[in-house]
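Participant: Sharing a structure with you now.
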Amino acid sequence: MYEHQRALLSGNEAFARGAIEAGIGVCTSYPGTPSTEIAETLSRLSTETGMYVEWSANEKVALEVAAGASWMGVPAMCSMKSLGLNVASDFLLNLNLSGTGPGGLVIVVCDDPRGHSSSNEQDSRFYARAAQIPLLEPSTCQQAKDIVTYGLDLSREFEIPVMIRSTTRLSHSRGVVELGD
């Protein structure tokens, strides 16, 4: 349907497109810049794609719902801003031990260097290291789209969550993206 089509997308829209192309069935999030547009985009398209999209009570609940979907065999994605990872950290640091089951789970965390829209700066890469989970970091909008499928494949193969780190610059920049199926 979209073979060889290109579109001008923001980084967050590219993450959303990547979720659609990867076959994500459940996307959970808690609103917070610079990550909000990922779930907003997927929510607008949910009727068309059949994806379940949820604004959760907080980031911990969002991660728990996404993990539950993954345990039941549904490919899942959870998105949040960097400070939200603090809220979800208790569950994340246990999820790495229990695993994600057959569905696969990618966690998109959008950091805000220099604190443009956050109360402080935080580097989420340290959480990935503490949780001993893979971290992927795209640098272009095209990579943002493509890395969701790669991260989901990695998560399914090893049954562990895979974190994808973005920054304000990537999340809110725009670039030409080659669309897949």
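Participant: Give the residue from VAL177, ASN58, CYS110 lying farthest towards the positive end of the charge dipole for the chain; charges sit on Cβ (+1 for Lys and Arg, -1 for Asp and Glu) and the dipole is referred to the Cα centre.
Facilitator: The Cα lying farthest towards the positive end belongs to CYS110.
Participant: Okay, moving on. So, R0 is 35 Å and r is the distance between the beta-carbons of GLU48 and ARG174; what FRET efficiency does that work out to, to 0.05?
Facilitator: 0.95
Participant: Which percentage, to the nearest 5, of the DSSP beta bridges contained in the chain is antiparallel?
Facilitator: The answer is about 20 percent antiparallel.
Participant: So if we plug the beta-carbon distance of ASN120 and ASN94 into 1/(1 + (r/R0)^6) with R0 = 22 Å, what FRET efficiency do we get, rounded to 0.05?
Facilitator: Taking R0 as 22 Å, the efficiency between ASN120 and ASN94 is 0.30.
Participant: Still on this structure: Once you sort the root eigenvalues of the Cα gyration tensor of the range 37-181 as a ≥ b ≥ c, which label holds: rounded (a/c under 1.5), prolate (a/b larger than b/c) or oblate (the other case)?
Facilitator: Verdict is rounded for the range 37-181.
Participant: Could you work out how far apart the two model spin labels at ALA130 and TRP55 are, taking each label as a point 7 Å from the Cα in the direction of the beta carbon, and quote it in nm?
Facilitator: Each label point is offset 7 Å from its Cα along the Cβ direction, giving 2.8 nm.
Participant: How charged is the neighbourhood of THR28? Take every other residue with its Cβ under 10 Å from the Cβ of THR28, and add Lys/Arg as +1 and Asp/Glu as -1.
Facilitator: -3
Participant: Quick one: grab the alpha carbon gyration tensor of the range 14-109, order the square roots of its eigenvalues as a ≥ b ≥ c, and give me rounded if a/c is under 1.5, else prolate or oblate depending on whether a/b is larger than b/c. Show your work: numbers first, answer last.
Facilitator: On the way: a/c = 1.94, a/b = 1.16, b/c = 1.67.
Since a/c reaches 1.5 but b/c is at least a/b, the shape of the range 14-109 is classed as oblate.
Participant: Given H placed 1.01 Å from N in the peptide plane, which residues other than close sequence neighbours of THR100 have an amide H under 5 Å from its amide H?
Facilitator: ILE160
Every number in this text was worked out from the coordinates using simple rules, so none of it is lab data. Not measured: the values here are computed from a predicted model. Cβ coordinates were reconstructed from backbone atoms using ideal geometry, including for glycine residues, and neighbour counts include every protein chain displayed.
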